[in-house]
1. Quick one: how many residues across the range B:285-332 are among the small types (G, A, S), more than 14 Å from chain A (Cβ to nearest Cβ) and under 23 Å from B:A485 (Cα atoms)?
2. Just name the residue that is surrounded by the fewest Cβ atoms within 10 Å (Cβ to Cβ) out of those in the range B:381-392 that are of a type in the set (A, V, I, L, M) and in a loop (DSSP other than H, G, I, E, B).
3. With of a type in the set (G, A, S) and touching a residue at least 12 places away in the same chain (Cβ under 8 Å) as the only criterion, which of B:G114, B:G148 stands out?
4. Collect the residues in the range B:364-374 that are in contact with a Phe, Trp or Tyr (Cβ under 9 Å, 6 or more places away or on another chain) and at the interface with chain A (Cβ under 9 Å from one of its Cβ atoms), keeping them in residue-number order.
5. Any residue that is farther than 26 Å from B:E461 by Cα, assigned by TED's automatic domain parsing to the domain that holds B:A264 and surrounded by 21 or more Cβ atoms within 10 Å (Cβ to Cβ) - is there at least one of those in the range B:401-419?
6. Check off (1) buried (at least 18 other Cβ atoms within 10 Å of the Cβ); (2) at pLDDT 85 or above; (3) part of a loop (DSSP other than H, G, I, E, B) for B:E96 and give me the number that stays unchecked.
Amino acid sequence: MSTSDSAVLPRSGGMGWLKGQLRNIAPFATLLVLVALFSIASPSFATLDNVANIARQVSVTAIIAVGLTFVILCAEIDLSVASVANAVGIMVAFFTLQDESVNIANIPLPGFAAILLALLGSLALGAVTAFGVTVIGIPSFIMTLAMLQIGAGICAMLVRGQIAYNVPAPIEMLGSGSIGPVPWIVVVAVLVLALGHVVLSYTRFGRYVYMVGGNREAAEYSGVNVKLVLAAVLIISAVCSGIAGMLGVAHFGSAQQDEFDNYLLDAISAVVVGGTSLFGGQGGIGNTVVGLLVLGVLNNGLDHVRIDSFLKILIRGLILLLALVINVYAQRLRAQA
Amino acid sequence: MQRGAPLLELRGISKSFGGVTALSGVDFTLEAGEIHGLVGENGAGKSTLMKIIAGVHTSFEGEMRIAGEAVRHRSARSARDAGIGMVHQELSVVPELSVAENVMLGVQPVNRLGLVDWPGMMRRARALLAELGINVDPRVPIGSLPLGMQQLVEIARVLSSGARIVILDEPTSALSPPEVEVLFGLLRRVRDSGRSIVFISHFLEDVLAICDRITCFRNGRLIETAPVPAIDKSWIITRMIGAGHEELEQGYTGEIRLDSKPGAPVVLACEAASGPGFREVSLEARAGEVLGIYGSMGAGQLDLARALFGRTALSGGRLSLDGRPLALRSTSAARKAGIAFVPESRRSMLFAQEPVYRNVSISILDRISRLWVKPAVEREIAQRHVEALGIRPPSVHRRLGTLSGGNQQKVALAKWLTHLPRVLVLSEPTRGMDVGAKEEVVRIVRALREQGIAVLVVSTEPETVLSLADRILVMKRGQVCEEFAGGTVSKDRLLAAA
C-alpha cells in the first residue's frame, strides 16, 4: 500500500502537499491564532460559559451555511439565504395564534400544520430559484438577488410592520430551549452540519456536487444531469435557510422584518473563510465548521476586549478580504502543485 | 520600394518548436496583385508560415522582405504596421457593435475633443464598404448579420487598417455556396486594386476557383508552387500527401480495404437530423461496425457528434435507437440510453483535481451505488482499467492533472468501458498522440467493435478515420456528401470528397 500512497503526492513531495492543503490549513491556523490572542487579552474569553456562548451565537448561521456550502461547491451563489430565512420564520409565526395585542391578520393553525406549511414555503421558494437558474438560465447571482427581494416582500406583506411573538411549541423548544446545559439550537446546528457532511462525503449526490463544481462541462460530458444537481443544491439551500429562519425567530423571541439582515454576509463569510473554493469543487462542511468558529470567535472575542464597536465592523470586513485572498491563492497554488 | 521586387519574399525560413521542426528551408514569394492559395494537411506548416508573416512567431531562421526591403517583425503589431493583416477562421468581430464600429475598430476617427467622431466614422465606413462592393447598412449590429457578411466586414476592417497583404485562414469553411461567390467577388476586387491575398483552405475546389497560384506544403516543406490554369485537384492531392516511399511509415497512401458490415443490425439511426452546424444528416450506426465521419475543420461532424450525445438539441429530424424513437433532452438521457461520448478536448471530459478513480467512476456511479458511494468498489474497477489500458503511472489515487496527455485520454475512454454502451461516439480520438498511443487507441476501438458496440469515429484527420473505420461518411458544410462502404478507399479519394 505504501507505494500507491506515496504516488498520491505530487513529485514536489511535502511542499507540494502543503501547497495543495493551504485552503484547509490557513483557516485552521487563523482560528488557533485568534483563540490564542483573545485568551491572552481577556480572562473571560477562554471559559466554558463563553464556549457555549460562541456555539449558540453561530448556530443560526451554521444551519444557513450548510445549504450555502452545497451551492458554493457547485460554483454558484445564493444571495437569498437570509431573506428566505426571514420569510419562512415569519410564515411559521403567521400560522400561529398570536396575542390580542399583535395586530396581524394571521391564520392560526395547529403547530404541526404551521411548521409543515413554513417548510413547504421554503421548498417553494427554493424551487422558484432552481427553476429560474436551471430552466430559464438566469445566473444564480441575479436570480437569488431577485429572490432576496421577493423574500423581503413576503416578510413585509405578512407582518405589515408589526411584530409577532408566538411560534409553535416544538419550534419554541428547539429555538430557545435547552437539553440539560446544551441549548437545543446548538444540537440542531450540529445535526444539520453532520447531515450535510455525510451527504457531501458519502453519497452519490454529494459526489455529483463536487464533480459539477470541479468541471461542469466534464460532468455534462460524463452524462451527469447537471441541471438536476444545481436545482437540488438551490432547494437544499432554501430549506436550510427555512429551518434556520424558524429556529431563529424562536431564538430571538420575535418575528419581524429585516431581523436576519446580517446573516447573508455571515453565512457567505463562514463558507469562504473556511476555505471552500469560490470556483467550486473544493472544500466541504469541515471547512465551513472552521469558518463558523473563526467568525464566532472573532465576533465574540472582539466583545471581550472592549474594542470600538464601529472598528469591529471594519475588522470583520478585513478578515473577509484576507480569506478571499487566501482562497484565490490556494486555488492557484493547487493548480500548480 | 524597389521596382520589380515581389510584394513579399521569404528566403530559407525554418522554425522549430522544442526540437520538433515545423518549417524547414521555405522560400516563398507573393506577388503584388495576386491571390495565392496555400494547401497542405494539418501540421504541414502553412499556419506556422503565416504566423511568421503576421508577426505572431518572431523567432525563426531566414529572412523576410516586403517590397524588397528586409523586415523583421517584433510583434503582430509591427507586422500590421508593415501592411499585413490576417483574418482567422474564428472571426474576431465584436457582435454587439455596429458594422461601422467593427470596420473602424482601433482606428476610430476622433474630433478635436478626443471623442469619437460618429458622423465621420459612419462616412468612412460607408465609403470603404461601398468601394469593396459590400452592400450592408453600417449602423446595424454586426452580430445580427449572417456569418458570411460578418466575414466580409472583417476583411474590410483589415483593409481599412492599411493592409497590403491579407491572409485568410479557411475563409469558406462556414459559408454557403452563394456566400462563397460574394466573397470571391470581393477578393477579386481587392486583388485588382493591387493588394495581395494569401488564401489558406482545405477546400480544393475553392482554392482552384479563386487563386492565381497555388503552393503545396508537406511535412514542413514547400513542395511546389504552380499557376492555377496548369494544375488540377489530383495534382494538388499528390503533392499534399506525397507519393513514393517517404510517406510509407505513415501508411494510408494506398488503397485501404473497408470491412463494412451492411447486414449488421442498425443500433443508432439518424434521419434528416439538423442542428447547430449541420443539416439534414442521415446515418445508420451498426452493431460491431466502426463508422468514420470525416470532414475538414468546420464541416459539422464535431457538432453532429455533440448532438448525438444530447449536448445540443436537434432543430429537425429524428433519432432512433434499436428502432425505437429517441429524444435526447440531456447528456444524462443519452448516457442512460446507452450512448457514450468522448469529446475532442480532454479538458472538457476530465476532472483534473480529482483522483483517477473518481474520473473513471463518474459515469457509472448510478450503477454501482444507489445512495452511498462505494470508494472501494470504484477503486477496484478503476484499477482493472488502469491495468488493462496500461495507464502510467498505475495508481488510481493519483490526481488526474498529473498524468500525461495520452494517459489522460485513456482515462477518458476508461470511463465508458465498465458498462459497455450500445453506441460509442469518439471525437478526434487520436489528436495530438504519438504513434504508439495511436496504435493503442486502434487496438481498444477494435476490441470494442468485436463486442458488438456501434462505434462512431468523428475526425478532421483523414488518418484517424482511415485507421479506424469500417465505413466512412464524408461531411462538407454541414451535410453528408459522400459515403465509402465496402471495397476500398484511399486518402486522396477521401480528401477529394471533402
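The values are calculated or read from the model by the stated rules, or taken from the named source; none is laboratory data. None of the values given here were measured: they were computed from a predicted structure. Here Cβ is always computed from backbone atoms with ideal geometry, including for glycine, and neighbour counts include all displayed protein chains.
1. The total comes to 10.
2. Across the range B:381-392, the extreme among qualifying residues is B:L389.
3. The match here is B:G148.
4. B:L365, B:L371, B:W372, B:V373
5. no
6. (1)
Results for (1) at pLDDT below 95; (2) more than 10 Å from chain B (Cβ to nearest Cβ); (3) surrounded by fewer than 22 Cβ atoms within 10 Å (Cβ to Cβ), shown as yes or no for each residue.
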site: A:A194; (1), (2), (3): no, yes, yes
site: A:H197; (1), (2), (3): no, yes, yes
site: A:M211; (1), (2), (3): no, no, no
site: A:A218; (1), (2), (3): yes, no, no
site: A:V224; (1), (2), (3): yes, no, no
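Residue-wise test of (1) within 24 Å of B:L326 (Cβ to Cβ); (2) of a type in the set (D, E, K, R); (3) surrounded by fewer than 17 Cβ atoms within 10 Å (Cβ to Cβ); (4) within 34 Å of the chain's Cα centre (by Cα).
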| residue | (1), (2), (3), (4) |
| --- | --- |
| B:R379 | no, yes, no, no |
| B:L424 | yes, no, no, yes |
| B:S427 | yes, no, no, yes |
| B:R431 | no, yes, no, yes |
